[in-house]
Every structure is written in C-alpha cells, then in structure tokens.
Amino acid sequence: MVSNPQAPTTDDSSNRTVTVPLDDRSYPIRITSACICGKEGRAADVRFLTDAAADVTHWVLIVDEAVSKRWATPIAKALDSIGDAVRVDVINIPSGETSKSVESIGGIWNQMLNLGTDRRSVVVAVGGGVVGDLAGFAAATFARGVRFVQVPTTLLAMVDSSVGGKTGINLPGAKNMVGAFWQPEAVWIDTDVLATLPDRTYRSGLGEVVKYGVIDDAKFFDWLVDNADALVRRDADALRYAIAASCESKARVVGADERETSGRRAILNYGHTFAHAIEATTGYGTWLHGEAVAIGMQMAARLAIRIGMCDADLLERQSDLLAACQLPISMDTADIEAMLTVMQRDKKVAHGKLRFILPSRIGHVDLVSDIDRNDVIASIEQTIGKA
C-alpha cells in the first residue's frame, strides 16, 4: 500500500497541481494519468493546454520522433479538432543528445519560419529532456520569444528539466553552454506515458527523485524509503505523489532563485558536478543521466563526510535508498584526472576553485567552496568498486 503523507498542492489523489511561484509568470504543473491517450480509446484531453495558453492560433509541436506516434499524434489530433481557426504543425526531432546542437536549432528556426510561426503561436515540447531543452530554446529565441508548454515523456524530464525554465543546446566542447531562461506557460505530466519506457530509462529518473529528498525534504526522503518498491513497480498513485513532491521542491527553489543569482538554485546540482564528469569521461550514454547522478551523490556524500560536514549515517541511508530504487551506487573504474579536468569547466567553479553542493543532513545541503583536490580524488576512489 502506498503511504501518502501531507501532499504538495493537490486537487485530488488522481490529479495533482503544483504551482511554480513567479509572480505574474507563475505557471501550473499538472500531474495526472490517462489523459493523453485517454481511457477506452478516447481522444487526448487537451483542455489543460488550451486553458494555459489562451488566444492561440497556431500550435507547433516539437517532438522526439521516438514518441511521435504514441504520444504526440493524439495531442495533435485533439488540438486540431478544436476549430478551423487553429493550425497544428509537428516538427520531429531525432532522439538523443546529439540533437541539442547548433545545427538542430538552426533547422528548427527555419521550419518555424516556413510554418508561419508568430507571437500567437505556442510551441509544445513533447519528449524527454533533450527535446524540452531544444524546443524551449527555440521558443525563447524565435521572434524574440513565443510561448511554450512542456509535455515531458520521461520521469527524468518530469521531475527535472521540464520545470524551471532552463533551455539550451550543447557546444562541441561543453554541455548546455548556450541557452536562455524561458519559463513555460504550463507543464502537463501524464504518468501513463512512463509505462512504455525501458526499465533502465525509467529507473534513471528515480535518481533525480531521490535527490530532492536529500537536498530539500527529509519527510519526502522517508516517504521514498517506505515506497521505493511501489515506485520501481511504476505504481500510478506512488508516481503521482513522488512527481508532485519533486516538482514542489524544485518549484520552491526556482521561485526563490529563478536565474541563479542568489546561489539557492545551485542546490539542485547535488551530485551533478561528479555526474557530469562521469558522463563526459565515460562517453555519453554509457551511464544514463540519473544513474550518473546517483553515483555522483555517493561521491558528494563521501566528500561531505571527509570534510566533516555530515556523518556516515547519511551515506548509508542514501546508499540503501538508491539501491532500493535499483540505481547504481558505484562504478567499476574511473579516469580521475580526466574527471577533474571536466570539473574545472563546471559553472560552479569560482576563480579556479572547485565548489560542490554537499549535504549536512538529510533534507539540507550547502554550496561549499575551496575544496581540496585530494579530498575530491579520495571521494571518487572510495566510490569505485563499492557494492
């Protein structure tokens, strides 16, 4: 049975709404089930999208081609049926990180131009984090900004990249180095889409879910401990609660530091300095992002223990929860010198000094500066080959 403590902003157990608080730019995150394809073959229920984006005459769906037929087609058909005055176009994007490129964004801009996209158009991102980042950047830059909404189709995108307004593309030498803060009008999450994800891809998203418990919400961490098995089984009730709680945590952080000016938003990068180095040095795709984050959280916890910020119990509890979510808690080998080189390009580096988000207790982390290189190396070494 799924336990359900005090929930985030909610309508009922089967439909939850979280609000990202940004004054006149605040927007809702709708978490539900069986709305995109509907039950018993019914068409997608797109009222949430049409309510969120008023006065629209043109929908431009930018879609991961791997989910185009299953998830984007029902949305496009439902939007197209609303009336003759509204046009619907679909731009398919090849799956994978390589699509977040200068060449891809240029192609999207030209397609949007040819489709007559203007200020009364709304871009709809349908896919995982790659498509969300790419479509969001296209919306932020075309015609100096058009509206967009996010329809994430992976757990990772649902709890992370679709919320908060970060958009962007990669350069050959650096990930997410070109982009813009551009908040969506809304985020529409349907847990039914997760049923089609491969197990490894699905579980990767749980790495970011666990992160929120460690950095911001000790009660949620305890809930995850009690409900890890239900989440691994993709129980719909557990998923709606976990996604809502994760989005609530991110919404609080984004509301306090939308553009990373106070340093508060940096806490969302717990484990990520290590994770990005793992991904870059092992080759993108060797570890999925959430897997790399899980290992990176282990390295960060060990670093916190080494410098006296927390005790070993935190690492033990984090390890047990990650393992219960069937996520990796170590790696067999690592090119430590190459990882350190990548870390020097991390956006949190200041005056050449490595800075890390480190935990002091479950539910609280801090940005720590001037970490000794040898402590970083030891924390990586201690996470190699550990059961």
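Scanning the stretch 1-20 for residues that are open to solvent by 30 Å² or more (accessible area, probe 1.4 Å) and modelled with pLDDT of 85 or more returns N15, T19. Are any of the residues in the stretch 165-180 modelled with pLDDT of 95 or more, in a strand (DSSP E or B), crowded, with 23+ Cβ neighbours inside 10 Å and in contact with a strand residue (DSSP E or B) (Cβ under 6 Å, 6 or more places away or on another chain)? Yes; the residues of the stretch 165-180 include at least one that is modelled with pLDDT of 95 or more, in a strand (DSSP E or B), crowded, with 23+ Cβ neighbours inside 10 Å and in contact with a strand residue (DSSP E or B) (Cβ under 6 Å, 6 or more places away or on another chain).
Could you look through the stretch 21-46, keep only residues that are modelled with pLDDT under 90 and assigned to a helix (DSSP H, G or I), and pick out the one that is most open to solvent (accessible area, probe 1.4 Å)? Checked the stretch 21-46; the qualifying residue most open to solvent (accessible area, probe 1.4 Å) is E40. Pairs linking a residue in the stretch 318-340 that is within 15 Å of V214 (Cα to Cα) and of a type outside the set (A, V, I, L, M, F, W, C) to a residue that is open to solvent by 30 Å² or more (accessible area, probe 1.4 Å) and not in a loop (DSSP other than H, G, I, E, B), with Cβ atoms under 9 Å and 6 or more positions apart or on different chains, are D320/V225. If you go through the stretch 230-272 and keep only what is modelled with pLDDT of 95 or more, part of a loop (DSSP other than H, G, I, E, B) and either of a type in the set (S, T, N, Q) or at positive phi (or both), you end up with R234, G271. Looking only at residues in the stretch 232-272 that are of a type in the set (S, T, N, Q) and touching a residue at least 24 places away in the same chain (Cβ under 8 Å), the one that is most open to solvent (accessible area, probe 1.4 Å) is N269.
For the stretch 47-96, the set of residues classified as open to solvent by 50 Å² or more (accessible area, probe 1.4 Å), touching a residue at least 24 places away in the same chain (Cβ under 8 Å) and not charged (D, E, K, R) consists of A66, S81, I82, A85, V90, N92, P94, S95, listed by residue number. In the set (1) open to solvent by 30 Å² or more (accessible area, probe 1.4 Å); (2) at pLDDT below 95; (3) farther than 17 Å from V193 by Cβ, L115 fails one condition alone, (2). Looking at the stretch 273-368, the helices (runs of 4 or more DSSP H) lying wholly inside it that each contain 1 or more residues that are crowded, with 21+ Cβ neighbours inside 10 Å and among the β-branched types (V, I, T) sit at 289-306.
The values are calculated or read from the model by the stated rules, or taken from the named source; none is laboratory data. None of these values were measured; they are calculated from a predicted model. Neighbour counts run over all protein chains shown; Cβ positions are idealised from the backbone, glycine included. We work out accessible area using only protein heavy atoms, side chains counted, and drop any ligands, DNA or RNA first. Shrake-Rupley method; radii C 1.70, N 1.55, O 1.52, S 1.80 Å.
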